[in-house]
Structures are given as C-alpha cells and as structure tokens.
Amino acid sequence: MTHLDHRSWMQGTAARRCSRSALAGILAICLPGFALAQSAELRDSFFWIGEINKASAVINSEEGLLDPALTPGIAAALVQVLEDGNKPDAKRPQSVITFEPLLIEAGGQDVTLLHAGRSSQDMLSTARTAILRERLLALADQLNTTSRTMVDLAAQHVDTIVPNYTNGVAAQPNSYGHYLLGHAAGLDRDAQRIREAYARLDRSAMGTTVLNGTSWPLNRERMAEYLGFAAIVDNAYDAAQIAPVDQAVELSSIVTSIALHSGSFIEDVMGQYSQTRPWILLQEGGDNTYVSSAMPQKRNPGILNSTRSDASEALTLAMGPALQAHNLPPGMSDAKSTKRNGDMIDAATDVLGGLDDILGALNINPERALEELNSDWTASQELADLLMREHGMPFRVGHHFASEIVTHARQEGFGPLDFPYSEARRIYAEAVERTNYPQDLPINEATFRATLDPAAIIRARATSGGPQPAEMERMIAAARDRLADQDAWISDRRASIETSLAQLNEDFAKLLD
C-alpha cells in the first residue's frame, strides 16, 4: 500500500480499538487531537477503596463500631483524599497500604478507626471483583451488539443460497442467513456463560478480613448492598484465597470461547480471498481494505487480519490465569492481577467490536454464490435422500449412485446443470446391477434436475432448525427475543450497581452535615 493508504488504515484501526478498549475511567488519547472520556466515574481500585471506606464509615458509625463524634472528621478526610485523586494528573493509589497514608495525612491517626476488622486481602479482593464485574458487563454489552448485527444480517439473507464447507471442501448449499444464525448460536452460548459467571462473580468479600473473618461484628450483607453486590462470598477463606483465582480462570474460558468463535468466522471469510472470483468480500476502502504497496490489483482485507490478530492476542491473554495459578498454594497473587485480567476481558470486547465491523462490511454476491454451487456437486446427497425417501432404496446404494455420477461428471467436465440424463440412467443401471432394486432409474429427468437445484433443496428441508423459511422465521424471532432479554439483564445489573452507589453516597453525605 502507499504510505498514505497505510497511515490512513492504521489510524482508522487505532481509533476503532481505542474507542472500545481503554480502561474505564481513563481519559484516553487514541490519536492526535482525539480524546475520549471512558466513564463518568474513575472506577479503578482507588475508586472502589474509596467506596469501601465510605461504606465502612456509614455502617460502623450507625452500628456502634465507630464513634459518631469522630465520624464527620474521618468522612471529611476521606472526601479530601478522593477529591485530590480526581484532579487531572493526580496520583491515584491502587492499594490499601498506599491509600491509607493519604487518609492519615488528611485526618490524623483517627482515620484508621475505619479499618476495624478489615484487611488489604478482603478490600482488594472486593475492589478487583467490582472492576471485573463492570468489565464483564461491558463485554456482555458488546457481545449483544455484535450478535444483534449478525442476527439482523441473517434476516436479510434468508433467501441467499451459498455453499457451505466441511473439512475445507464445498459440502452442501445453505441459506446464508441460516449459516449466520449458527454462528449467532455460538455467541448466544457465550452470553449464557457471561450471565452464569456474573452470578458467581457478583459476591462481596468484604468482612472476611484475611481468611477467617474477624472478632468485629461487621455487617457484611449491608456492605455488599452498598457496593452493589447481590450477596456475600459465604466462606471467609474462599473469599480472598480461592474465589479470586476461580474468577480469573472462569473469565478466561469465556474470553477463549469468544476468540475462537470470532476467529472461526473470520477464517471462513478469509478463505474467499484466495479465490479469483469469490462470492463474499469486504466493501473496499475505509478501515476495511487497503491497497498493496507493490501489487496494484490487491485489496488486502485489513480488518479481517487485524481482528484475527486481536482474537489471537485475546486467546493468548486467556491462557495466563490457569498457567499463573498452576501448582501454587492458595492465596498467592499471581493470577489475581486486576490489570492483566481486565486487559484480558477488554481484549475480548475489542475482538467483538472488530467482528461487528466485519459484519457491517460484508459484500455478498448471491449470483456468484449460486454459480459456484452449480459448478460443483454440492447438491448430490439429495439424490440419495430422494431415492431412499420416495423409493425405499437404502441410502448407501443411492449414495454410491450419486458418487459415481460425480466421478463421471468431473472426468468429462459436466456440471449439475448440463449432466446428461441418459448418463444418469446408465450409471444407475450399473450401480443396481445384480440387485433386487428397480433396474431403471425411478425418477424422470425433470425430477432429476429439480433434485439438484440448490434453492429447492433449502425449501424442502423438513426438520426443525433447518434453513426452510418457516424455521428461519422462528429462529430469528427467538434469537431477537434472547437479545432483548440480554439487554434487559445488562441494564438491570448496571442499574443495581448505580442505585446502590447512589444510596451509599447519599448516606455518606449525611456524615458531613
């Protein structure tokens, strides 16, 4: 490609990635002059340590664990630390042991009364979980966006007949819409995995201290409610020693599945780029393709290559948690890194964003797809099915007959549209010779031709889950219902967090009066 083309394509790709993947709460500069605020809240560990301290101040002062006379001063010191941390370019300590000195500096040693029954272990475990929880919801949101694009594209291509491939070889005709719904079903299972993992993730470790609780009668349930968690981690040892590693490993399996699903779809499209007359390509220009720097005829599928590379990177990151946790005693921090695990989830979000762009850029040529189908024998199995279904002939006998037709056709250069019916009769007679089956081909020429028609094959499918129009209508409606349910689930989870934090901040503000 020219230097200009390459720079334009790379900048477009960088902008797309930055718009999807920068950490929540960070002002990202993706390209010169392009600033993107990721969130109204800076929800890093600093943010969540602050929220935990607010909740401790409210709960403990109301439940007799913190002297109400000291509470306003402690609350004011916390506000000062948080306001200082929210200033541009300010330091935002990400650990309890670096956060607390700022509190002491602002409010004196009395502020450490907040630390009743707490430890870095349960506080950081809670903060990590809260961060991963929001990253997982962002992943779920992008997954739903991409899945909806795929389902909508399937609805547009119910009647588009294309070759499908098995073992890398053209196998049968299919509706392109049906093919897309198959891929959407894989993404729907990823959505199910996210919901299931979220239910296990959405648990507060606060109040478990290091590994077996504390002699302070902390109200763990109320703390969980203020921080937007559905419940507490029940076992105090599990909370910081076992569960955090389980979370990382489970989330890595979701990232793995998403990367594999995306890569598989991309490679199916990539296969067309090796053909001189493909039936599916990307719309040229923009971030989709770029011109080779040496070969003017080439339009390289840039977005396919970059998204496939992103999928490989996500898969690589997803291998980390299990490898890091392997053969370690409980509680070690190797697999708990908020940054690494957050980057892993963000990588999957990036991949899905790229896949969504690919789906929007596909340029499908139904006439060329049908031409490819009619140039080969992808409908030949239907001959065997017809002979068994309507004439009682064992499938293997019909299969042998159809296979012999294909062998002869390829030797003589015939296609399905021009294969001589007389030759079909001759081959059939040879196939059933010395058997008790009818010695003359029991289907006339019109039926023979119709049996090899790819569109007729699709219309004639009779099993549930097939590409026939009635089943496509049913499956598209069901897929859209699931997407609507997933949208509602994401919105409910986010609203629950926001409502809880709003209540916490309202109650905390009263301490300052």
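The values are calculated or read from the model by the stated rules, or taken from the named source; none is laboratory data. Computed from a prediction, not measured in an experiment: that's the story for all the values here. Cβ atoms come from the backbone with ideal geometry, glycine included; neighbour counts cover every protein chain shown. Ligands, DNA and RNA are stripped out before the accessible areas are found, and what is left, the full protein with its side chains, is counted by its heavy atoms. Shrake-Rupley method; radii C 1.70, N 1.55, O 1.52, S 1.80 Å.
The amide H of ILE232, built 1.01 Å from its N in the peptide plane, has SER204 as neighbours under 5 Å, considering only residues 5 or more places off or on other chains. Rounded to the nearest whole Hz, the Karplus-based 3J(HN,Hα) values (6.51 cos²θ - 1.76 cosθ + 1.60, θ = phi - 60°) of region 480-485 follow the sequence 5, 4, 5, 5, 5, 5, with x at glycine and proline. Per residue, the solvent-accessible area of the chain (1.4 Å probe, heavy atoms of protein chains only, all protein chains present) comes to 46 Å².
Could you tell me how many degrees, from 0 to 90 and to the nearest 10, lie between the Cα long axis of helix 243-270 and the main elongation axis, the longest principal axis, of the Cα atoms of the chain? Rounded to the nearest ten degrees, it is 30. Among the GluC sites (Glu not before Pro) in region 425-469, those located in a DSSP loop and surrounded by at most 14 other Cβ atoms within 10 Å of their own Cβ are GLU433. Label zone (LYS87, point 7 Å along Cα-to-C-beta; backbone nitrogen cut-off 17 Å) within region 104-136: 104-107. On C-alpha positions alone, give me the angle between the axis of helix 96-107 and the longest principal axis of the chain, in degrees, nearest 10. The angle comes out at about 40 degrees. Phi angles across region 161-168 convert, under the Karplus curve 6.51 cos²θ - 1.76 cosθ + 1.60 with θ = phi - 60°, into 3J(HN,Hα) values of 9, 9, x, 10, 10, 10, 6, x Hz, Gly and Pro given as x. When the helix-only estimate is applied to the chain (DSSP H runs of n ≥ 4, each -39,500 (n - 2.57), divided by the residue count), what is the mean residue ellipticity at 222 nm, nearest 500 deg cm²/dmol? Theoretical 222 nm ellipticity from helices: -21000 deg cm²/dmol. Spin-label model, ASN235/ALA199: points 7 Å from Cα along the beta carbon direction are separated by 2.0 nm. Taking all Cα pairs closer than 8 Å and separated by 6 or more residues, the relative contact order of region 255-367 comes to 37 percent. So what's Rg/Rh here for region 305-389, counting alpha carbon atoms and using the Kirkwood radius for Rh? Over the Cα atoms of region 305-389, Rg/Rh equals 1.33.
Based on C-alpha pairs under 8 angstrom that are at least 6 apart in sequence, the chain has a relative contact order of 19 percent. When the inverse distances between all different Cα atoms of the chain are averaged and flipped, the Kirkwood radius reads 26.9 angstrom. Which percent of the accessible heavy-atom area of the chain goes to carbon and sulfur, probe 1.4 angstrom? Roughly 52 percent of what the probe reaches on the chain is carbon or sulfur. Going by alpha carbons, how many degrees (0 to 90, nearest 10) lie between the helix axis of 338-361 and the longest principal axis of the chain? Compared with the principal axis, the helix lies near 40 degrees. Shown here for region 204-288: GluC sites (Glu not before Pro) in loop regions (DSSP other than H, G, I, E, B) with at most 16 other Cβ atoms within 10 Å, namely GLU284.
Between HIS326 and ARG494, the distance separating the two model label sites (each 7 Å from Cα on the Cα→Cβ line) works out to 3.8 nm.
Here region 400-471 is described by how far its Cα atoms reach on the three principal axes: 42, 32, 19 Å, from widest to narrowest.
Taking θ as phi - 60° and the Karplus parameters 6.51, -1.76 and 1.60, the scalar couplings of region 419-431 work out to 5, x, 4, 4, 5, 4, 5, 4, 5, 4, 4, 5, 5 Hz in sequence order, x denoting glycine and proline. Magnitude of the charge dipole for the chain, about its Cα centre and with charges confined to Cβ atoms of Lys, Arg (+1) and Asp, Glu (-1), is about 600 debye. Across region 125-163, the residues whose backbone nitrogen lies under 15 Å from the label position 7 Å along the beta-carbon direction of ALA484 are 148, 152. With loop membership from DSSP and a limit of 11 other Cβ atoms within 10 Å, the longest segment of the chain without trypsin sites (Lys or Arg not before Pro) is 92-433. Of all lysines in the structure, those lying under 28 Å Cα to Cα from LYS510, and not within fewer than 8 positions of it along the same chain, are LYS54, LYS87, LYS91.
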